[in-house]
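Engineer: The structure is given below, and queries will be raised subsequently.
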Amino acid sequence: MDHTTTKPASSPAGTHATAAAASHEIDGFQLVIDALKLNGIETIYGVPGIPITDLARRMQKSGLRVISFRHEQSAGYAASIDGFLTGKPGICLTVSAPGFLNGLTALAHATTNCFPMILISGSSEREIVDLQQGDYEEMDQLAIAKPIAKAAFRVLHAEDIGVGIARAIRAAVSGRPGGVYLDLPAKLFPQEMEAAAGKASLIKVVDPAPRQLPAPEAIKRAVALLKGAKKPLIILGKGAAYAQVDADIRALVEKTGIPYLPMSMAKGLLPDTHEQCASAARSFVLPEADVVLLVGARLNWLLSQGKGKTWGGATSKSWGGQRFIQIDISPQEADSNVRIEAPVVGDIGSCVAALLAELGAHFPKPPAEWTGAIAERKAKNVAKMAETLAKNPSPMSFQSALNVVRDIVKANPDAMFVNEGANALDFTRSIVDMYQPRKRIDVGTWGIMGIGMGYCVAAAVATGKQVIAVEGDSAFGFSGMETETICRYDLPVCIVILNNNGVYRGDEKSWGNATDPSPLVFVKDARYEKMMEAFGGVGVHVKTPDELRRAMEEAIRSKRPTLINAVVAEGGGTESGRITGLNPTAKKK
Ligand code: ADP
Ligand code: TPW
């Protein structure tokens, strides 16, 4: 049916819309908007259409910032990272079935990464959907969202909108954050109820993410373990960045003097140039450490599940003998891969504060043999890297291009930094230092391609800062159409595509006698910068580090949407970047 002709229905509570009473009535559209605003939501990311077109218009009219995308997946990724950056749920608004499905990848991504997000989707008539009678964009959306969302709710009556939104917010941000689905059928929006009752039905959520204090004995256990360590190590994850307790985390690191490793999105929590940062000696510290304190980081594939050769285990499956302390808000996280001797369950702010108190004023610094050995290894690796960065090959290498990006980020430490690709990700992560918390946002737990432009938009909108994105040419392609969105909202986004003509590398020949191009290569010398020009932004084609530097400096000076197509050597990358080992390989027959 055509939702645009749906008559305002009387609410089940028995209130009826009459012409005389109209000014005292409030409809579902407005109740949704008021409920979101009451809870401090400022931005909606989405794509309009039946049945939420007027909702988007009314939202904008009511003072919410509505950022309209070209594809729901990008809108969803934007919402998810807005949630990470602000600690408030990011909101993505989609139409029914296909729009909903397009948004679903981002919802799953939010849940996987522990980002608070709410996917609000319009849906078709319940009666028709449930009898499968073929409604416009018919789909049982709630059932489909449930397994991948942290929680999923549907609101059928206007007087339940307040509760529905309150529950969605609480579910998204409390405990371990995640993606929440909120199903709003078309019929809900024009429903009317008496205005005062409607307003009274809305809920301002009190303490949406309550602190969770760790047990004192858990803190004592953790400190005892740390005190006995000869080679301690702290690993900071994106949970630590999300918690926004930067000063206490810094105090924990500096007071203990323990070397630390930041996971990708925890880079900058302390400056990567900090003397205790062990990133440049990662492959030395992981197998050597005896006690490891995990702060908001899971022992998933990104940390080789806490075992195997990375950790000094004799085989890929065996345990390296490290003793683990894990701070996490999820009590189920401990022991997921290896034994956690000292689980500390609670919110990171409370846990770190309690640890600091228990450590006391005179916590012994780690033995000098340990910190000295790390410093030595770091110096060696940094010198090796400096040699590579100083080279100036033609065409550019990933490293010679990233040497420029490294300088630009150093000069603009408060710029947001988006990164996706394989080699374009791995090289960037190790070459480009971050200096401030929550600046680096990237492919996250799944190593997902396609977050790029959505993240750029949200980073600019949520922080008001300059955004720099380093993108593989394949990675960029997943969300490239959002360059129009970036231009439309005139966002200060500088995209650098490290263009090597393909996935991983661009020089691959097809196997066997195939005449089509290899599945991994693209059109040679594609002029991506013209996409930005098509929408009124600035496009630049660069082949040398000097040209790249000038283009980036100009983009940041002008704050104009800019796409720099940086040509790098076709063969400079490796298959799957640094995770080649995870790729099952076939014989080239
Ligand atoms: P990384 O990929 O950086 O290693 P993960 O996403 O694997 O990080 O881990 C983040 C962890 O942080 C999750 O286990 C999550 O439960 C936890 N977490 C998120 N927010 C908080 C918080 N406020 N307090 C405690 N733990 C948190
Ligand atoms: C949603 C698989 C991992 S990395 C990558 C793909 C397609 C692109 C690598 O090429 P790019 O970078 O970006 O040009 P570079 O520097 O190595 O040349 N679909 C999704 N997610 C993932 N991770 C993939 C496919 C993949």
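Engineer: Of all residues being under 22 Å from Met385 (Cα atoms) and crowded, with 22+ Cβ neighbours inside 10 Å in the stretch 430-459, which is farthest from ligand 2 (Cβ to nearest atom)? Just the residue, please. Reasoning before the result, please.
Structural biologist: Step one: list which residues in the stretch 430-459 are under 22 Å from Met385 (Cα atoms), which gives 430-435, 440.
Next, only the ones that are crowded, with 22+ Cβ neighbours inside 10 Å stay: 432, 434, 440.
Values: Val432: 14, Met434: 19, Arg440: 17 Å.
Here the answer is Met434.
Engineer: I'd like the residue in the stretch 308-332 that is surrounded by fewer than 21 Cβ atoms within 10 Å (Cβ to Cβ) and under 26 Å from the mean Cα position of the chain (by Cα) and, out of all such residues, is nearest to ligand 2 (Cβ to nearest atom). Before the answer, list the steps.
Structural biologist: Of the stretch 308-332, the ones surrounded by fewer than 21 Cβ atoms within 10 Å (Cβ to Cβ) are 308-310, 312-319, 321, 323, 330-332.
Narrowing further to those that are under 26 Å from the mean Cα position of the chain (by Cα): 310, 330-332.
Numbers: Thr310: 20, Ser330: 25, Pro331: 31, Gln332: 27 Å.
The extreme case among them is Thr310.
Engineer: Also, I was wondering about something else. Consider only pairs whose beta carbons are under 6 Å apart and that are at least six residues apart or on different chains; among these, list those whose first residue lies in the stretch 163-180 and is within 8 Å of Met117 (Cα to Cα) and whose second residue is among the hydroxyl-bearing types (Ser, Thr, Tyr).
Structural biologist: Gly178/Thr111; Gly179/Thr111
Engineer: If we keep just the residues of the stretch 63-110 that are within 16 Å of ligand 2 (Cβ to nearest atom) and among the hydroxyl-bearing types (Ser, Thr, Tyr), which is nearest to Ala241 (Cα to Cα)?
Structural biologist: Filtering first and then ranking leaves Ser80.
Engineer: Okay, moving on. Does at least one position in the stretch 359-376 carry a residue that is among the charged types (D, E, K, R) and within 19 Å of Ser283 (Cα to Cα)?
Structural biologist: Here is the first cut: in the stretch 359-376, the ones among the charged types (D, E, K, R) are 365, 369, 376.
Right, trim to within 19 Å of Ser283 (Cα to Cα) and you get 369, 376.
Scanning the stretch 359-376 turns up at least one residue that is among the charged types (D, E, K, R) and within 19 Å of Ser283 (Cα to Cα).
Engineer: Tell me which residues, restricted to the stretch 419-442, are within 16 Å of ligand 1 (Cβ to nearest atom) and either within 14 Å of Gly76 (Cα to Cα) or not β-branched (Val, Ile, Thr) (or both).
Structural biologist: Asn419, Glu420, Leu425, Asp426, Arg429, Ser430, Met434, Pro437, Arg438, Lys439, Arg440, Asp442
Engineer: When residues of the stretch 95-133 are filtered for being under 23 Å from Pro208 (Cβ atoms), of a type in the set (Val, Ile, Thr) and either out of contact with any helix residue (DSSP H, G or I) (no Cβ under 8 Å at 6 or more places or on another chain) or not in a helix (DSSP H, G or I) (or both), how many remain?
Structural biologist: Here the count works out to 2.
Engineer: Continuing with the same structure: Looking only at residues in the stretch 82-120 that are more than 16 Å from ligand 1 (Cβ to nearest atom) and among the hydroxyl-bearing types (Ser, Thr, Tyr), which one is surrounded by the fewest Cβ atoms within 10 Å (Cβ to Cβ)?
Structural biologist: My answer is Thr105.
Engineer: Which of the residues that make up the stretch 549-589 are within 16 Å of ligand 1 (Cβ to nearest atom) and charged (D, E, K, R)?
Structural biologist: Arg578
Engineer: State which residue pairs qualify: first residue under 13 Å from Ser576 (Cα atoms) and near ligand 2 (Cβ under 8 Å from one of its atoms) and inside the stretch 494-511, second residue assigned to a loop (DSSP other than H, G, I, E, B) and β-branched (Val, Ile, Thr) in any location, beta carbons under 7 Å apart, and separation of 6 or more residues or different chains.
Structural biologist: As it stands, the answer is Tyr504/Thr574, since those pairs meet every condition given.
Engineer: Are any residues in the stretch 556-589 more than 26 Å from Val457 (Cβ to Cβ), of a type outside the set (Asp, Glu), part of a loop (DSSP other than H, G, I, E, B) and more than 9 Å from ligand 2 (Cβ to nearest atom), and if so, which ones?
Structural biologist: If the condition is that a residue be more than 26 Å from Val457 (Cβ to Cβ), of a type outside the set (Asp, Glu), part of a loop (DSSP other than H, G, I, E, B) and more than 9 Å from ligand 2 (Cβ to nearest atom), then Ala569, Gly571, Asn583, Pro584, Thr585, Ala586, Lys587, Lys588, Lys589 are the ones that fit.
Engineer: Out of all the residues in the stretch 475-490, which are crowded, with 23+ Cβ neighbours inside 10 Å and not aromatic (Phe, Trp, Tyr)? Even if it seems obvious, please write down each step before you answer.
Structural biologist: Start the filter on the stretch 475-490 by keeping residues that are crowded, with 23+ Cβ neighbours inside 10 Å, which leaves 475-476, 479, 482-483, 485-486.
Correct list: Ala475, Ser479, Glu482, Thr483, Thr485, Ile486.
Engineer: Still on this structure, please answer the following. Given the structure, is Gly452 away from ligand 1 (no atom under 16 Å from the Cβ), within 15 Å of the chain's Cα centre (by Cα) and farther than 16 Å from Lys530 by Cα? Write out each step before concluding.
Structural biologist: On the way: away from ligand 1 (no atom under 16 Å from the Cβ): yes; within 15 Å of the chain's Cα centre (by Cα): yes; farther than 16 Å from Lys530 by Cα: yes.
Yes, satisfied.
Engineer: How many residues are closer than 20 Å to Asp490 by Cβ, in contact with a Gly (Cβ under 9 Å, 6 or more places away or on another chain) and in a helix (DSSP H, G or I) if we restrict to the stretch 39-80?
Structural biologist: Number satisfying all stated conditions: 4.
Bear in mind that the values in this text are calculations on the coordinates, not laboratory data. Bear in mind the structure is a predicted one, so any value in this text is a computation, not a measurement. Reconstructed Cβ throughout: ideal geometry from the backbone, glycine too, with neighbour counts over all protein chains shown.
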